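A.B. asks: Quick one: the structure is below, and I'll ask about it shortly.
Values in this text are rule-based calculations from the coordinates and carry no lab data. Just so it is clear, the structure is predicted and the values come from calculations on it, not from any experiment. All Cβ positions, even for glycine, are placed from backbone atoms using ideal geometry, and neighbour counts span all protein chains on display.
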Amino acid sequence: MNADQKPAGSASPVYAFLEKPSMIDFPGHLCGVFFTSGCNFTCGFCHNATLMGKKQKTLSWERLEEICRKFKNEWVDAVSITGGEPTMEPGLVDLIHFFREHGFKVKLDSNGSHPEVLKECLPLIDYIAMDIKAGLSGYPEIAGFTRKEIIEESVKLIMSSDIEHEFRTTVIDPFHTDEQMIEAGELIKGAKRYCLQAFVPQDHLPGEEFRALKRTTPDRLRHLEKLMEPYADNIIVRGA
């Protein structure tokens, strides 16, 4: 699906992108990172707070075509679609086809709140990363999301597919207790990869109470690395 197949000036699902390719967002690939806007979670620790809430004005397909050509010239071989929450975007499947037709491998980030969309996207992508905000009992508090069965459905869809995947949790003290993390581990038991990410406080976080918290310590992350070993083939620590 090239830009010339779209009405001139029509909007793509992409709100923004990183000018420089990333070597960390898609394991094993140099990738372009593209953001959709809008999210149905209310995580007070979100580092992409400008993309929360309602959908915002997006880039045209023509502009996206230009960006893809630029990235191809820079030896970029993959893209990462993140947000916000990409599965809220009605044009997500079109966007995935667009990137694939430009020769890119595709990674998708998701919070797992739309399993019906994931089911449609999984055959089209090469890698998926799903956020595990907490054990299911912690979702209402940490993410403002109460449909726990939906999160379970998305986890099962991903784990039953042949797609390379990872689940990941940003570890926040004192919320993510050992008990809470064990509950999260039971949710994704048998996963290929489970990533433990350090929480980094910043002044722009949407929840004021999170701005004053301390960064997750390396000792805490290493402790959880051991604790979570029974639940995934590989435990990866980021930010220790």
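A.B. asks: Give, as a single signed number, the net charge of other residues whose beta carbon lies under 15 Å from the beta carbon of R238, with Lys and Arg counted +1 and Asp and Glu -1.
C.D. replies: The answer is 0.
A.B. asks: Report the gain in length on full extension from E66 to R100: 0.36 nm times residue separation, minus Cα-Cα distance, nm rounded to one decimal.
C.D. replies: Gain in length upon complete extension: 10.7 nm.
A.B. asks: Can you check what the net charge comes to around K72, using other residues whose Cβ is under 12 Å from the Cβ of K72 (Lys, Arg +1; Asp, Glu -1)?
C.D. replies: For residues surrounding K72, the net value is -2.
A.B. asks: Let me ask another. Taking only Cα atoms, what is the 0 to 90° angle, nearest 10, from helix 178-187's long axis to the longest principal axis of the chain?
C.D. replies: Tilt of helix 178-187: around 50 degrees.
A.B. asks: Spin-label point model (7 Å from Cα, Cβ direction): what's the E164 to E209 distance in nm?
C.D. replies: 3.9 nm
A.B. asks: What relative contact order, as a whole-number percentage, does segment 111-206 give when Cα pairs under 8 Å and 6 or more residues apart are counted?
C.D. replies: 33 percent
A.B. asks: What Rg and what Dmax come out for the chain when only alpha-carbon atoms are used, in angstroms?
C.D. replies: 17.7, 54
A.B. asks: Give me the angle, in degrees from 0 to 90, between the Cα long axis of helix 218-227 and the longest principal axis of the Cα atoms of the chain, rounded to the nearest 10.
C.D. replies: 80 degrees
A.B. asks: Between 0 and 90 degrees, rounded to the nearest ten: what's the tilt of helix 61-73 against the longest Cα principal axis of the chain?
C.D. replies: 80 degrees
A.B. asks: Run the paramagnetic zone check for D173: 7 angstrom along Cα to Cβ, then residues of segment 205-219 with backbone nitrogen under 11 Å.
C.D. replies: Answer for segment 205-219: 214-219.
A.B. asks: Checking the table K119/K148; K105/K156; K70/K214 against a 29 Å threshold on Cα-Cα, which pairs fail?
C.D. replies: Flagged as over cut-off: K70/K214.
A.B. asks: Take every Cα pair under 8 Å in the chain that's 6+ residues apart, average their separations, divide by the length, and report that relative contact order as a whole percent.
C.D. replies: In percent, rounded to a whole number, it is 17.
A.B. asks: Oh, and also: Give the calculated FRET efficiency between K119 and M23 to the nearest 0.05, with a Förster radius of 41 Å applied to their Cβ-Cβ distance.
C.D. replies: That gives a FRET efficiency of 0.85.
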